[in-house]
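Enquirer: First the structure, which I've put down as C-alpha cells, then a few questions once you've had a look.
All of the numbers you see were taken from the coordinates with simple rules; none came from a lab. Quick caveat: nothing in here was measured; it's all calculated off a predicted structure. So basically every Cβ, Gly included, is an ideal-geometry build from the backbone, and we count neighbours across all protein chains shown.
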Amino acid sequence: MKLTKQGPNTITSKKALLSELDEIREEGFAVNDEELAPELHSIAAPVRNEAREVVAAVNLAASTSIISLSELVDALGPHLISTADRISARLGYRRDDEVTRSH
C-alpha cells in the first residue's frame, strides 16, 4: 500500500501510521490535523456492534478558520464519543465495565 499525501500533515510513513493507529486504539478516538485536506480538522469515534467489532464511525469536521483543533477535541470530543457510545449500545455493544457489572 502506498500512502499518498492529501493534506499538509498526511501520514506517509507506514511506521508512523501504525504508531498513530496504536494511539487511536488507546485514546478511543481519532484526530485529523490537516491530514486529509488543508485547513480541515476532524475527530472521529468508533461505532461497535454486539460482537465488539467496529462497524462504523461518527465524525466531526470543521475548517481551521472556525475552530482550533484543541477546541474541537476538548469541547466536542466528549460529545462525539458519547454519541458513538449511544449508537454502539443500540447495536448491542457493552463496554468492559458494563459487562463486568451485569454478571
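Enquirer: Please list, ordered by residue number, the helices (runs of 4 or more DSSP H) wholly in the chain having 3 or more residues that are of a type in the set (D, E, K, R) and surrounded by 13 or more Cβ atoms within 10 Å (Cβ to Cβ). So that I can check it myself, show each step before the final result.
Expert: Working: elements: 14-27, 77-90, 96-102.
Per the criteria, no element qualifies.
Enquirer: Please go through the range 44-92 and give me each residue that is farther than 18 Å from GLU27 by Cβ and hydroxyl-bearing (Ser, Thr, Tyr), ordered by number.
Expert: Of everything in the range 44-92, those that are farther than 18 Å from GLU27 by Cβ and hydroxyl-bearing (Ser, Thr, Tyr) turn out to be SER63, THR64, SER65, SER68.
This table checks each residue for (1) in contact with an Asp or Glu (Cβ under 6 Å, 6 or more places away or on another chain); (2) of a type in the set (Ser, Thr, Tyr); (3) touching a residue at least 40 places away in the same chain (Cβ under 8 Å).
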site	(1), (2), (3)
VAL47	no, no, yes
GLU53	no, no, no
ALA61	no, no, no
ILE66	no, no, no
VAL73	no, no, yes
SER82	no, yes, no
ILE87	no, no, yes
ARG95	no, no, no
